Structure formats: structure tokens, C-alpha cells
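Here the structure is laid out as C-alpha cells; the discussion comes afterwards.
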Amino acid sequence: MLFATRKSDRPVWFAGAALLVAVIAKLFFIDLSNVGSIERIVSFVGVGVLMLVVGYCSPLPPRPAQRS
């Protein structure tokens, strides 16, 4: 996503966002299925902080200028 932001490549950014969603879904549904409540809370907070950092460091690139 950082590479896509620097190159202003929206499709690559969306692919990175989809991959991030898939990894987070796997973490919550598979990896944390047999974990206690304290560990789950720490994981939710940690992943939330990481998502905030990713959103700050690599915002969605602007749309390309349209010709009239």
C-alpha cells in the first residue's frame, strides 16, 4: 500500500487493502479462535493500532485527472 501511494496507483492500493482485510479476518477467525479474552483484547488493540499507522502512512491515492 505504501508503494501504491508513492506511485499513485489506486488499483494496487485496493489490492493491498483487500489483502490486509483477508489477513485480519484470518487472524480473528482462525488464529484467535482458542485464545482467552485478555489475549484477544490485546490482539484487537494491536491490530487497530497497526491499521491506524498504515492508514496514516499510506492514504488512498487521488483519482487521476479526467480529460474534458
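Please give, to one decimal in nm, the separation of the simple spin-label points placed at F3 and V45, each 7 Å out from Cα toward the Cβ.
3.4 nm
Taking only protein heavy atoms and a 1.4 Å probe, what accessible area per residue, in Å², does the chain have with all protein chains in place? Kindly include the intermediate steps, with their values, before the conclusion.
Working: 5520 Å² over 68 residues.
Value for the chain: 81 Å² per residue.
Add +1 for every Lys or Arg and -1 for every Asp or Glu among the other residues with Cβ under 15 Å from the Cβ of A4, and state the total.
Working: positive: R6, K7, R10, R63; negative: D9.
Value of the local net charge: +3.
Compute the acute angle (0 to 90°) between the alpha-carbon long axis of helix 37-57 and the principal axis of greatest extent of the alpha-carbon atoms of the chain; round to the nearest 10°.
10 degrees
Compute the helix-to-body angle for 10-26: its Cα long axis versus the longest principal axis of the chain, expressed 0 to 90° and rounded to tens.
10 degrees
Considering the chain as a Gaussian network with a 10 Å cut-off on Cα pairs, which listed residue, F29, F14, F44, attains the greatest mean-square fluctuation?
Between F29, F14, F44, it is F29 that shows the largest mean-square fluctuation.
Would you work out the Kirkwood radius for the chain? I mean one over the mean of 1/r across all pairs of different Cα atoms, in Å.
Working: mean 1/r = 0.0732 Å⁻¹.
About 13.7 Å for the chain.
How many percent of the accessible area of the chain is carbon or sulfur, using a 1.4 Å probe? If you can, show how the numbers build up before the last one.
Details: 3830 of 5520 Å².
After summing per-atom areas, the C and S share lands at 69 percent.
The values are calculated or read from the model by the stated rules, or taken from the named source; none is laboratory data. The model shown is predicted, which means the values in this text are computed figures rather than measured ones. With ideal geometry, Cβ positions are generated from the backbone for all residues, glycine too; neighbour counts draw on all protein chains shown. Calculation scope for accessible area: heavy atoms of the full protein, side chains included, ligands and nucleic acids excluded. Shrake-Rupley method; radii C 1.70, N 1.55, O 1.52, S 1.80 Å.
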